[in-house]
Amino acid sequence: MTDFPILGKPAAARSRLVGPLSALTLVLLILLLPNRLSEITPSAFTRLPLEALLLGFLLTLPGIAGSALRILATGLLGLGLILKLADLGVDQFFGRPFNPVLDGRFPRDGMQWLTGTIGQLGGYLVVAALALCLIGLLRLINAALSSLQTALAGNRGARVGLAATAAVWLVLNFSVPSIAARPSIDWLTSHWQNARASLADLKQFDAGVDNDPYANTPNPASFQKLQGKDLMLVFVESYGRTVFDQPDYARYVRPRLQQYAAELSAAGVSMRSSYLTSPTYGGISWLAHGTLLSGLWINSQSRYDRLVMSRRPTLNRLFQRAGWRTLAVQPAHTLPWPQGDYFGYDRIYAAQNLNYRGQPFNWITMPDQYTLSAIQRLERPVGPRQPLMAEMALISSHAPWTPLPRLVDWQDVGDGSIFNQAREGDTPEAVWQSTERIRGQYRKSIEYVLETLVSFVKTYGDDKLVLLVVGDHQPASFVSHDSASHDVPVHLIARDPEVIKAIDGWQWTPGLIPDAQAPVWRMDELRDRLIRAYSASSAF
């Protein structure tokens, strides 16, 4: 049978090219793969990477040297692909690339999450499966490089072709630099610089963490303008500026907040709103908590770990010194929390302490209405008592955002069993097949939390209650439409007009919708501003 030539090669020769061409395709995919999901486009793979040319020259070396370089290249390509996948994952949820200095705890935390979710045996089986996948990946890369090495080694024509391609790359580098690329070199250089900067930053942070100008503020002078008030500092999960800026969220959320503001004003309640810049994005909520409470920029787990070993007094502890009963209300906590000792709480209400008897909402242990109801019942009884400073995390707006609870009459909340029926929404498996549906459920979860908070103020908002509501961070980037903003809303709500008058100089917007020109402070600034606004001037 006659062979039909393609590019001058008979069929047998063409078949010998399939292996090397497939191997070259794999190498180019690894080298050119972007580390952000939004950048994975066809045009990203139309560049000529310098690293591929360097690798080609190395693979032309014969003997032991060539084999050793192939093994080294296999490890580097495998490591590079794993780190790029880590970048993709971290960026998708936290809006930044992976940083080995700051994110070193992720594997340990992931293992704890796995064993807590599917048991110790299940967790180890998942790790074993991942290890097998890694071994398979390295074997695949090594086989690809071996195929290329066989095609290149001792092939003078291949060397000439590589040299000609290198000359083309040099020309393109000066004429069309977008095509002549150094993706892996530039990417590794950027990560190396970020790691070095992170180490230097941690050293600087360590030197100043214990230096607090308010550590020795006289206790009787602290928070005099809040004497007798219950301050509830409420962090709302994933409540980001995106709900005001993105049209598909804003057209639902803004009218609701306008209505709620009118209802609260009619009930004699005053409100001010603005924005804060959160140190985190998409998750790791405790960094935001630590930032606001310490007055330090806690934008990494390493900083957080150093903070909780320091002597710096938190906002909670300063209130405690001044005579307030301090609480942590953490319905998401189901495991021991030794770091809680640092913050200065008289009582920590974790999930098991809140005595919820209803069914959970997937990962969400209990609905926000129950959490607020339980603290009202347990810590705000009628009669003489210490004023309360409660730091509270509301979690109904945490992923997967389905099913969601329905707001019920506060007198019917009871032990929470009513929420076995007062719930709605499809399963996460059904919702998470569509980004549009995910975003819709996220928006509904934010609406639920805001409705619950407003209803709580209308029901229990006496002259003693002061509510400071803060978003902890923006939602994950695929929910926030890849917003680059780290801003979150902040609302101060109180019936006593003197509480609002004390922050007149802050220029926050009246109502529940921050003006586009409202001041935006970093979250670590709010602690010191609260101290100055509500303490006697003689304290400073």
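What order do you get for 306-316, 34-44, 473-483 when each peptide is scored by the mean count of other beta carbon atoms within 10 Å, highest first?
So the order, starting with the most tightly packed, is 473-483, 306-316, 34-44.
So what does log10 I(q)/I(0) come out to for the chain at q = 0.05, 0.08, 0.10, 0.11 Å⁻¹, using the Debye formula with one equal point on every Cα and no solvent?
These q points yield log10 I(q)/I(0) values of -0.28, -0.64, -0.89, -1.02.
What does DSSP give for the chain in terms of the percent of beta bridges that are antiparallel, rounded to the nearest 5?
Values: 19 of 46 bridges.
If we restrict to bridges inside the chain, about 40 percent are antiparallel.
Given a 1.4 angstrom probe, what's the average accessible area per residue across segment 180-239, in square angstrom?
51
Skipping prolines and chain starts, which residues have an amide H placed within reach, meaning under 5 Å, of the one on LYS229, given they are 5 or more residues away or on another chain?
none
Explain nothing, just compute: Karplus ³J(HN,Hα) = 6.51 cos²θ - 1.76 cosθ + 1.60, θ = phi - 60°, for every residue of segment 63-71 in order, whole Hz, x for Gly and Pro.
Couplings: x, 5, 4, x, 5, 5, 5, 5, 5 Hz.
First check a/c for segment 409-517, with a ≥ b ≥ c the square roots of the eigenvalues of its C-alpha gyration tensor; if it is under 1.5, answer rounded, and if not, answer prolate when a/b is larger than b/c or oblate otherwise.
Oblate, because a/c is 1.5 or more while a/b does not exceed b/c.
Tally Lys/Arg at +1 and Asp/Glu at -1 over every other residue whose Cβ is under 15 Å from the Cβ of PRO331; what's the total?
Working: positive: ARG347, ARG357, ARG377; negative: GLU237, ASP368, GLU379, GLU391, ASP415, ASP472.
Cβ neighbours under 15 Å give a net charge of -3.
Which cross-chain or sequence-distant (5 or more) residues have an amide H under 5 Å from the amide H of LEU48, H modelled 1.01 Å from N in plane?
ALA180, ALA181
Length gain on complete extension for the stretch ASP206 to TRP521, per 0.36 nm per residue less the alpha carbon to alpha carbon distance?
111.1 nm
In nm, give the distance between the simple-model label positions of LEU170 and SER265, each being 7 Å from the Cα along the Cα-to-Cβ direction.
Each label point lies 7 Å from its Cα, and together they span 7.2 nm.
Would you mind computing, in nm to one decimal, how far apart the modelled labels at TRP432 and ASP504 are, each placed 7 Å from Cα along Cα→Cβ?
Here the answer is 5.1 nm between the modelled labels.
Calculate the length of the line joining the C-alpha centroid of segment 388-403 to that of segment 280-298, in whole Å.
Result: 15 Å between the Cα centres.
What FRET efficiency comes out for LEU61 versus THR189 if R0 is 25 angstrom and r is the Cβ-Cβ distance? Round to the nearest 0.05. Display every interim value, and only then the final one.
On the way: r = 26 Å, r/R0 = 1.02.
My answer for the efficiency is 0.45.
Out of VAL90, GLY440, THR189, whose Cα points farthest toward the positive end of the dipole of the chain (charges: +1 Lys, Arg; -1 Asp, Glu; placed on Cβ)?
Toward the positive end, the furthest listed residue is THR189.
What are the ³J(HN,Hα) couplings of segment 315-328, residue after residue, when phi is run through the Karplus curve with 6.51, -1.76, 1.60 and θ = phi - 60°? Round to Hz, x for glycine and proline.
4, 4, 5, 5, 5, 4, 4, 8, x, 8, 7, 10, 10, 10
Over all directions, average the projected area of the Cα convex hull of segment 194-292 and note it in nm².
Over every viewing direction, the Cα hull of segment 194-292 projects on average to 10.2 nm².
Counting heavy atoms of the protein chains only and a 1.4 Å probe, report the per residue accessible area for segment 346-430 as a whole number of Å².
Computed with neighbouring chains in place, this is 42 Å² per residue.
Counting each pair of different Cα atoms once, what's the Kirkwood radius of segment 359-436 in Å, rounded to one decimal? If you can, show how the numbers build up before the last one.
Details: mean 1/r = 0.0708 Å⁻¹.
It works out to 14.1 Å.
Give the carbon-plus-sulfur fraction of the accessible surface of the chain in %, rounded to a whole number; probe 1.4 Å, heavy atoms of protein chains only.
Roughly 59 percent of what the probe reaches on the chain is carbon or sulfur.
Along segment 504-518, what does the Karplus equation 6.51 cos²θ - 1.76 cosθ + 1.60 (θ = phi - 60°) give for ³J(HN,Hα), rounded to whole Hz, x for Gly and Pro?
Listing the rounded values in order: 3, x, 7, 6, 6, 7, x, x, 10, 10, x, 5, 4, 9, 4 Hz.
Count charges around GLY80 for me, please; just the other residues with Cβ under 15 Å from its Cβ, Lys/Arg as +1, Asp/Glu as -1. The partial results should precede the final answer.
Values: positive: LYS84, ARG182; negative: GLU51, ASP87, ASP186.
Once all neighbours under 15 Å are counted, the net charge is -1.
Test of understanding: what is the full-extension gain from ARG380 to PHE45, defined as 0.36 nm times their sequence separation minus their Cα-Cα distance?
The ARG380-PHE45 span can extend by a further 114.5 nm.
What is the dipole size for the chain, taken about its Cα centre, with +1 at each Lys and Arg Cβ and -1 at each Asp and Glu Cβ, in debye to the nearest 20?
With Lys and Arg at +1 and Asp and Glu at -1, about 1140 debye.
Please work out the Cα center distance from segment 312-380 to segment 434-448, rounded to the nearest Å.
26
If amide H atoms are built 1.01 Å from N in the plane of the peptide, which residues on other chains or at least 5 residues away come under 5 Å of the amide H of VAL234?
Sorted by chain and number, the residues that satisfy this are MET392, LEU468, VAL469, VAL470.
Could you tell me which of VAL27, GLY66, GLN227 has its Cα farthest along the dipole of the chain towards the positive end, charges placed at Cβ (Lys, Arg +1; Asp, Glu -1), taken about the Cα centre?
GLY66
Give me the dipole magnitude in Debye, nearest 20, for segment 267-351 about the Cα centre, with unit charges on the beta carbon: positive for Lys and Arg, negative for Asp and Glu.
My answer is approximately 260 debye.
The values are calculated or read from the model by the stated rules, or taken from the named source; none is laboratory data. Keep in mind that what you see is a predicted model, and the values were worked out from it rather than measured. A quick note on method: Cβ atoms are made from the backbone with ideal geometry, for glycine too, and the neighbour counts reach across all protein chains shown. Ligands, DNA and RNA are stripped out before the accessible areas are found, and what is left, the full protein with its side chains, is counted by its heavy atoms. Shrake-Rupley method; radii C 1.70, N 1.55, O 1.52, S 1.80 Å.
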